[in-house]
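Take a look at the structure below.
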Amino acid sequence: ELEEYYEAYTKGKLYKDQYTLQIIMSRESIAVLWNMCFSLMVIDVMVFTAHGIHVSDLGDRLSISLTLLLTAMAFKWVLGETLPATPYLTILEIYVIMTFAMLFIQGVSFWLLSDAFNYRCGATTDDEGAVYIDWITGMKKEVNATDDTMKGSCTLVHICDRVLLFFEVAALILKNLWFAWCAL
């Protein structure tokens with residue numbers, strides 16, 4: 001056999017055996033759920049605190065949202081360092097991305113609501129009474145004393161802010177129900 005092996009080796013017809021080994025690992029998911037998901041859920045719940053600030057204070061509202069966004073980004077960085085690299089999105093990564101989406105939608109909504117408030121509710125006064133600014137042109141808008149559209153639209157801005165809050169609560173509940181269904 002050694003002679004046959006040496007002869008095949010000299011002719012370049014030697015074949016090497018190849019083996020494939022697959023290792024399947026599983027980790028205790030309860031520790032990950034408490035360490036990762038509970039921390040992220042705290043960030044998700046803190047999103048609601050921005051609704052305690054008046055609609056016109058866009059800077060204060062966005063500072064809360066942006067701080068939570070940076071916290072979630074740091075969380076994603078820690079998550080990337082902790083979990084093994086995969087070529088696909090894991091359920092936990094999708095959970096984090098949903099938090100980013102919620103913070104993004106909240107930030108854009110805060111901007112739109114603040115803009116609507118400034119143009120609909122943020123009347124200034126001059127010698128002639130209340131002065132409103134037209135949203136499209138930026139010019140002074142003459143308002144008739146009997147016209148109640150500005151008051152109605154101002155109420156609508158506040159209602160939209162509360163609808164956004166309820167949407168965020170519903171999104172948080174649905175996100176956590178989805179995660180619980182996928183994780184279990």
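The values are calculated or read from the model by the stated rules, or taken from the named source; none is laboratory data. Just so we're clear, the structure is a prediction, and the values are computed from it rather than from any experiment. Every residue, glycine as well, gets a Cβ built from its backbone with ideal geometry; the counts of neighbours run over all protein chains shown. SASA here: full protein model, heavy atoms, side chains in, ligands and nucleic acids out. Shrake-Rupley method; radii C 1.70, N 1.55, O 1.52, S 1.80 Å.
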Consider LEU112 against the criteria (1) under 21 Å from LYS175 (Cα atoms); (2) free of Cβ contacts under 8 Å to residues at least 40 places away in the same chain: it satisfies all of them except one. Which criterion is unmet? (1)
Regarding region 94-107, can at least one residue be identified that is modelled with pLDDT under 85, open to solvent by 40 Å² or more (accessible area, probe 1.4 Å) and not acidic (Asp, Glu)? no
I'd like to verify a number: residues in region 46-59 that are surrounded by 13 or more Cβ atoms within 10 Å (Cβ to Cβ) and part of a helix (DSSP H, G or I), how many? 6
Is it the case, given these coordinates, that TYR19 is free of Cβ contacts under 8 Å to residues at least 12 places away in the same chain, over 19 Å from CYS182 (Cβ atoms), more than 16 Å from the chain's Cα centre (by Cα) and assigned to a loop (DSSP other than H, G, I, E, B)? yes
Is it the case that some residue within region 18-25 is open to solvent by 90 Å² or more (accessible area, probe 1.4 Å) and among the aromatic types (Phe, Trp, Tyr)? yes
Taking the condition free of Cβ contacts under 8 Å to residues at least 24 places away in the same chain, in a helix (DSSP H, G or I) and out of contact with any helix residue (DSSP H, G or I) (no Cβ under 9 Å at 6 or more places or on another chain), does LEU70 pass? yes
Assess whether LEU40 counts as being closer than 22 Å to GLU168 by Cα and modelled with pLDDT of 90 or more. no
List the number of the failed condition for THR90; all other conditions in (1) open to solvent by 70 Å² or more (accessible area, probe 1.4 Å); (2) modelled with pLDDT under 90; (3) of a type in the set (S, T, N, Q) hold. (1)
